[in-house]
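Here's the structure we're looking at; comments come further down.
The values are calculated or read from the model by the stated rules, or taken from the named source; none is laboratory data. Owing to the predicted nature of the structure, the values given are computational and were not obtained by experimental measurement. A quick note on method: Cβ atoms are made from the backbone with ideal geometry, for glycine too, and the neighbour counts reach across all protein chains shown.
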Amino acid sequence: MSKKIVIGLTDVENEFFLPNVKLQNYISDNKNIIKTDAYTLFGNLSSIEKASIEWILNTDLPAVNNMLSSLDIIKSKLHITGIKTTYFTPPLPDLKNLIIYIEVANLIPNNSLVLQNYTMTDYENIYTGHRQFGSLELDSSASYTYNGIDMLETMDHAMVTDSLTLLSDEPKERVVYPAFSISFYLDNTITPINVPPNTSMNAEQVNWMNMHKAELESKGYYINDVKNKIGGLEIGSLVGSVEDAFSKIQQYTKVCRFEIIEE
């Protein structure tokens, strides 16, 4: 039997889409962002759903199974689903260009919840190229944040800013947290859907790390350590065609349902 993540989509506003101040205030300084739409989803609003998109989960990844276990524990107590849609400047007028963030979180403390670290298998499967349209991944920022790590301390930030000033004194672990990033980002540099994602450290990062090799290695950062790869862990395969997903997300961008189903 396979396990799937399903999102229901609509273009209808509803009184149960409650503003989510926490997610709304967490905005990147990316100058390509047009706007964000952040809200809290209590339950599933199937009555207003107009389309759905599904992904088959890759249960060969330990992170997927640990994520499913964490979700079961979170859902055993009072919880919410936070949604944030970030809209970017499209490559052509009248197109919707966006990334959806989904987070399932407890509203009260849950002592039964113990988040697991990524395993070596998970790190080895982190892909380092451009996101494919319709890709589903565990959100990388949340994987650090919910392990008490500020993104300013990470390799990603150090490379973007070309500065090691804020980089932590040793590599930090990612934890498996049920927060998901779904890319409906339009970019003609994206790898074709039928080409396996690159899981090797990309050449740009290799070159940058070689430029700062002595200082990085003094902090415990090595090129051959898969924990140091910059990239995301793709956890599911899109069901159906990219064209179908594109058509749906161009019409309906409001998530009104988030479910894990088993078939």
remark   = Contact list, first residue from region 240-252 and touching a residue at least 24 places away in the same chain (Cβ under 8 Å), second anywhere and basic (Lys, Arg) and not in a helix (DSSP H, G or I), beta-carbon distance below 6 Å, six or more apart or interchain, is 250/96; 252/50
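Go through 61, 78 for me and flag whichever is buried (at least 18 other Cβ atoms within 10 Å of the Cβ), farther than 18 Å from residue 24 by Cα and either of a type in the set (D, E, K, R) or out of contact with any Pro (no Cβ under 9 Å at 6 or more places or on another chain) (or both).
Matching residue, one of 61, 78: 61.
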ask   = Among the helices (runs of 4 or more DSSP H) confined wholly to region 155-263, which include 1 or more residues that are of a type in the set (A, V, I, L, M) and within 28 Å of residue 43 (Cβ to Cβ)?
value = 242-251
task = Collect the residues in region 118-158 that are in contact (Cβ under 8 Å) with a residue 60 or more places away in the chain, crowded, with 19+ Cβ neighbours inside 10 Å and over 24 Å from residue 54 (Cβ atoms), keeping them in residue-number order.
result = 118, 123, 155
ask   = Residues in region 210-231: is at least one closer than 28 Å to residue 35 by Cα and either modelled with pLDDT of 95 or more or surrounded by 13 or more Cβ atoms within 10 Å (Cβ to Cβ) (or both)?
value = yes
task = From 52, 69, grab the single residue that is hydroxyl-bearing (Ser, Thr, Tyr) and closer than 30 Å to residue 124 by Cβ.
result = 69
Matching strands (runs of 3 or more DSSP E) fully within region 1-98 where at least 3 residues are under 21 Å from residue 183 (Cβ atoms) and at pLDDT below 95 = 33-41
